[in-house]
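Read-outs throughout are calculated quantities, based only on the coordinates presented, and are distinct from any laboratory measurement. Quick caveat, the model's predicted, so the values are computed rather than measured. Cβ atoms come from the backbone with ideal geometry, glycine included; neighbour counts cover every protein chain shown.
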Number of protein chains: 4
Amino acid sequence: MASVRTPDPNPGWLSDIALEETRSRVPILYVEGIPVRVDGAGNVEHVGLLLRGSPTTGAMNRTFVSGRVMHGESVRDALMRNLEKDLGPTAFPQLPTSITPFTVAEYFPLPGVTPLHDPRQHAVALVYVVPVTGDCNPRQDALELTWMTPADAASDAVLGELEGGRGSLLRQALAHLGVLA
Amino acid sequence: MASVRTPDPNPGWLSDIALEETRSRVPILYVEGIPVRVDGAGNVEHVGLLLRGSPTTGAMNRTFVSGRVMHGESVRDALMRNLEKDLGPTAFPQLPTSITPFTVAEYFPLPGVTPLHDPRQHAVALVYVVPVTGDCNPRQDALELTWMTPADAASDAVLGELEGGRGSLLRQALAHLGVLA
Amino acid sequence: MASVRTPDPNPGWLSDIALEETRSRVPILYVEGIPVRVDGAGNVEHVGLLLRGSPTTGAMNRTFVSGRVMHGESVRDALMRNLEKDLGPTAFPQLPTSITPFTVAEYFPLPGVTPLHDPRQHAVALVYVVPVTGDCNPRQDALELTWMTPADAASDAVLGELEGGRGSLLRQALAHLGVLA
Amino acid sequence: MASVRTPDPNPGWLSDIALEETRSRVPILYVEGIPVRVDGAGNVEHVGLLLRGSPTTGAMNRTFVSGRVMHGESVRDALMRNLEKDLGPTAFPQLPTSITPFTVAEYFPLPGVTPLHDPRQHAVALVYVVPVTGDCNPRQDALELTWMTPADAASDAVLGELEGGRGSLLRQALAHLGVLA
């Protein structure tokens, strides 16, 4: 217990044990970013989806930029940090001027409560659409970022590949953008 | 540690020690509701503010309906539960059809990071405006609910009485409603 | 020309000729309301669609509550008036506290510019989701109001029956509400 | 009357007489853009206000980017065109990915109906906050574009200089952005 009051060399970082314990106690706050390419008038031309191998099953699936909001970190900084973590330092994301998300996504450990689920935890994500103008170089465990037209992204095949039921979230984003075919 | 995996007779409830520990680890997710009275066409006529004695200083101050989202609880259920906790069972709140909040409020333990602060914790609140049509009977530690016109609520005197810097949040709500004088 | 400066016994009303001429000059501002039934916690249980015979083709199709904003009329009053016109005086609609629409719908005379079109005119509609709590008695030219679950409303059969391409708009509304299956 | 059916060399353009007549018949649809400068994380650092001489009184006042949506023109194209008209061709505005405005502004010819008024007409404006990254060179009748911090822009002196009561609209924008002091 004492350690949490000592200045932390990695603020916000939690040991696996502390994180697992925390996940059993409270919903965990996340930010998610859906990268898009826009034309000069702001029309969405492409949506970016990350391809990733599941750490548990090894299966390949698609997902958004996603990560926890750390203790002491602002929502905006968390979104910026996770965009850089997943897209690399030269993506040049254009963050929204308001931190009101376009939707709130609720993930429960048990499938079926909502279309979304996360076996590890109860998570609540603030979800944003983020235009990126630079080069994206996925880092860490993401294999690649695939750019798709809204019509291709809305296909049943792609929606079914999205992790944790995020196909419904992607359709919600495309509808919000006015590009759900 | 074993207890967190045993079925919990009070799901979502945490001991004081567990809550304090959790608060040092992650941002805590809240919902806040600003009760309003509307006319037949949806125009906001009055805003409801709770008057409460501070548990730490004993001073009287004003606040909104507010409370944690429990582990396993949906955002909508948390909002409903906290409205009933603070306004009583006959308030008949009209919850929004979409759970996208009108704004996200960030409270840091250290004053000055944002206009909002909470000495107990880093909290992130999804904030909603909620019309209520019934009788409000504040329970628990709230002394009364005061209904004010938007113009009165936006006065410097009232804004300054709001707990944790929520005066800025109330102005944001009034602006969103189009009734900030 | 003189007549437009004389006090008008039917403010906002335009002769057929004046309306047709105006439609050729500027986009016409509309409001649209999608009636919904919600449970006590604000979850959308049913969506209401009007069944109407097309004045031009005689074919039956489905639509939302819809109408022009008159000269000198506020957006909120126009929404209220059109809800009463199409749902009757006992529908008791709960108008939103903010007049920001959940989306803006653009109808062009030429099909294919957007998913929406209106052969009569270029129209721009502010679109709202409106819970109704009373009895709906469609008046005028609407034959009936049909309540459907979100899943039924999102079926291809129903979406295809919506007038002017409003199937895409209904999907956008269901996505916004978080109930697009 | 015949002329409106002949192909128009200046689509959307109306003679002074036709425009005045139309303004007496229907609300006129506008778009308004509030230019902002943001930092790398999307935080608004400065707000841009245009300084303009009133064509009627000769007095100097401040305003936003503003203009009509033409017949046959999309809301997005109208916003882009008016940004270029008022800020010049090298402003490089970042248009929003969704055309849902952050608010709807209603201007009535008679002062006092809402905080906003326009002696020429009943106008309804879709209002957007638009980050600009390039050089702004106001054209036409605007004398200059002044960049101010949110705190300076929210001062009573500046708010009072805004044309048509737009001071209330600017406060609404700053509140929406979370930077209303």
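Taking neighbour counts of Cβ atoms within 10 Å as a proxy for exposure, in what order, fewest first, do D:TRP147, A:TRP13 appear?
A:TRP13, D:TRP147
Report P(r) for segment C:126-181: all Cα-Cα distances, bin width 5 Å, range 0 to the bin holding the largest distance, values in whole percent.
4, 16, 24, 26, 22, 8, 1
Roughly how crowded by other chains is peptide B:38-49, in terms of the mean Cβ count from those chains within 10 Å of each of its Cβ atoms?
Mean shielding by partner chains, rounded to a whole number: 3.
Starting at 0 and stepping by 5 Å, how many percent of the alpha carbon pairs of segment D:98-145 end up in each bin?
5, 18, 15, 14, 23, 19, 6, 1
Regarding segment C:26-66, what are the three Cα extents along the principal axes, ordered largest first, in Å?
Principal-axis extents of segment C:26-66 (Cα, largest first): 41, 29, 7 Å.
Please identify, among C:LEU14, C:LEU51, C:LEU116, the residue showing maximal mean-square fluctuation in a Gaussian network model of chain C using a 10 angstrom Cα cutoff.
With Cα springs under 10 Å in chain C, the top fluctuation among C:LEU14, C:LEU51, C:LEU116 is at C:LEU14.
Per residue of segment B:42-50, in order, report the coupling 6.51 cos²θ - 1.76 cosθ + 1.60 (Karplus, θ = phi - 60°) as ³J(HN,Hα) in whole Hz, putting x for Gly and Pro.
Each residue's phi maps through the Karplus curve to give x, 5, 6, 9, 9, 10, x, 10, 7 Hz.
Please list, short to long, the whole-number percent of alpha-carbon pairs of chain C in consecutive 10 angstrom bins beginning at zero.
9, 36, 38, 14, 3, 0
Computed on alpha carbon atoms, what radius of gyration and Dmax characterise the protein assembly as shown, expressed in Å?
Cα only, the protein assembly as shown: 25.8, 85 Å (Rg, Dmax).
Given the alpha-carbon gyration tensor of segment D:76-173, what are the semi-axes of its equivalent ellipsoid in whole angstrom, ordered largest first, with each equal to the square root of 5 times an eigenvalue?
Ellipsoid semi-axes (Å, largest first): 23, 17, 14.
Given +1 on the Cβ of Lys and Arg, -1 on the Cβ of Asp and Glu, and no further charges, what dipole in debye does the protein assembly as shown carry about its Cα centre, rounded to the nearest 20?
For the protein assembly as shown, the charge dipole is close to 0 debye.
With respect to the symmetry axis carrying chain B onto chain D, which residue of chain B exhibits the smallest Cβ distance to that axis, and what is the value in whole Å?
Result for the axis mapping B onto D: B:ALA175, 2.
In terms of Cα to Cα distance under 27 Å, which lysines are near enough to B:LYS85, apart from those fewer than 8 places away along the same chain?
Once the sequence-local lysines are set aside, nothing remains near B:LYS85.
For A:GLY58, which inter-copy label distances result when the label point lies 7 Å beyond Cα on the Cα-to-Cβ vector, reported in nm to one decimal and in ascending order?
Result for A:GLY58, in nm, nearest copy first: 6.6, 6.7, 8.5.
Most fluctuating residue of A:PRO27, A:PRO119, A:PRO150 in a GNM of chain A with Cα springs under 10 Å: which is it?
A:PRO119
Using a Gaussian network model on chain B with a 10 Å cutoff between Cα atoms, which of B:LEU159, B:LEU79, B:LEU110 fluctuates the most?
Taking springs between Cα atoms under 10 Å, the residue moving most is B:LEU110.
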